[in-house]
Amino acid sequence: MFGLVDCDNFFCSCERVFRPDLARTPIVVLSNNDGCVVARSKEVKAMGVKEGLPYYQMLEQYPHSGIVAFSSNYALYGDMSARVMAVLREAAPEVFQYSIDEAFLALDGMACRDIRRWGVALCRKVEQSTGMPVSLGIAPTKTLAKVASRFAKRYPAYRKCCVIGNEYQRQTALRLLPVGDVWGIGRRMSRALEGCGITTAYDFTQQPQGMIRSKFRLGGEKTWRELRGENVIDIDAVDVVEKKTIVTSRSFPGMLTDIDELRPHIANYAARCAMKLRRQHSVCSMVTVYIMSNRFREDLPQYGNSASHSFMTATDTANEIVGAALSVLDRLYRRGIYYKRAGVMVSGISSADCIQPDLFTYDSEQREKYCAMSKTLDMINRRMGADTVMLAAQQYIDRSDDGKNVKFVNAIHSTMKSPDYTTRLGAFVVG
């Protein structure tokens, strides 16, 4: 048997742990630069607020709703996730973290007569220990466990734990589940299935195996077999794995036309890509930058382009990746264009233990300095909070009216960010 633990409204629940006064208040969490809604409490979902809705439009469409908005606080969310996973590892034989708010449990070999009672107790223990509400689905396969977790979250009568333990329960659950909500079935596949009159997960399992494989290849066939109760997805395959490409991209709060306004944003995106590389102990051999205008403003000139820079020696240092991204931006930039979105991607990713230095251009002393600086940045920002220390290129220059006084300002806006309650002692200091 397998379990799937899913934190309920994870980002919003993290904010509520230290703000019990907001227990029944509608809450949203915004993307970087406070641009769009990326997380919603159940009260906000009931109002009809859609995920991805721009924040300014939410204010216009729901002016008197009482919704409380928070900027993203990834230091808090990451630490709360680690606390939940720690509780799960104490209770289950094996835990495989799938995402920041989900984990699969391998339950074979557990000495437990009533698995559902154990599941209800586990959900209660996680909430008592961390303050985070979670739902648990238990079933013979990973895909069915995902199905069960949806029902555990949706229906209070399950008391946070739903078990699909026999054929009747399996068929009943699949008949109630839209095919587009099945783990492993994306939008394109869902549209294709619905076009064939297959609307529920049960309808999907009744199709011939050969037809599923011919149309949807091995991935679709694995989902089909899992829904029929056959365990075919290796649990190691759903554990956190290294990424082969890393992308950081955002829409700007407004439209930017000056290259000096664009440069801090590109530097921020590149620095975050470099940080993610170091986090998974990897290096990249190429960095790609793209910029584009606002395609919805047909009254303005349109432009979009991308270009890449290849490293002779693969790297993970912020200095090299940011410097390369800014040089690419210089090649892409055109005057007179109002830019709305940009992004940075690093690719050609390999292990940091297997770097092949270039014979003619590799400077070991310079690289050691860059590596030491990046390691120090990571250490300080991990202890003191994200963006406590950053490269000067990541900030824009704010000059006084007379041009004499200059100050650096963070290009990323997080005006409604909550304190880092679990990682900074100063978060609880008043005054």
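The values are calculated or read from the model by the stated rules, or taken from the named source; none is laboratory data. Quick caveat, the model's predicted, so the values are computed rather than measured. Note that each Cβ is placed from the backbone with ideal geometry, even for glycine, and that neighbours are counted across all protein chains shown. Heavy atoms of the whole protein, side chains included, go into the accessibility calculation; ligands, DNA and RNA do not. Shrake-Rupley method; radii C 1.70, N 1.55, O 1.52, S 1.80 Å.
Some values worked out for this structure:
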read-out: Cut-off under 5 Å, modelled amide H: who pairs with Ala314 long-range; value: Gln356
read-out: Average accessible surface area per residue within the chain, 1.4 Å rolling probe, Å²; value: 53 Å²
read-out: Selection from Gly180, Ile164, Ala103, by position along the positive dipole direction of the stretch 80-193 (Cβ); value: Gly180
read-out: Semi-axes of the equivalent ellipsoid for the stretch 1-116, Cα gyration tensor, largest first, Å; value: 33, 14, 12
read-out: For the chain: relative contact order, % (alpha-carbon pairs under 8 angstrom, 6 or more apart); value: 15 percent
read-out: Within straight-line cross-link reach of Lys417, lysines at Cα separation under 25 Å, skipping those fewer than 8 residues along the same chain; value: Lys42, Lys45, Lys50, Lys276, Lys340, Lys407
read-out: Share of carbon and sulfur in the accessible heavy-atom surface of the stretch 63-151 [1.4 Å probe, %]; value: 47 percent
read-out: Theoretical FRET efficiency, 1/(1+(r/R0)^6), r = Cβ-Cβ of Gln366 and Asn166, R0 56 Å, to 0.05; value: 0.30
read-out: Axial C-alpha extent at least 15 Å, average Kyte-Doolittle at least -1.0 - helices from the chain (DSSP); value: 74-91, 115-130, 142-154, 209-227, 259-279, 318-332
read-out: Ratio of the Cα radius of gyration of the chain to 2.2 N^0.38 Å, where N counts its residues; value: 1.10
read-out: Distant-in-sequence amide H partners of Val68 (H built 1.01 Å from N, under 5 Å); value: Ile27, Val28
read-out: Compactness relative to 2.2 N^0.38 Å, alpha carbon Rg of the stretch 292-331; value: 1.62
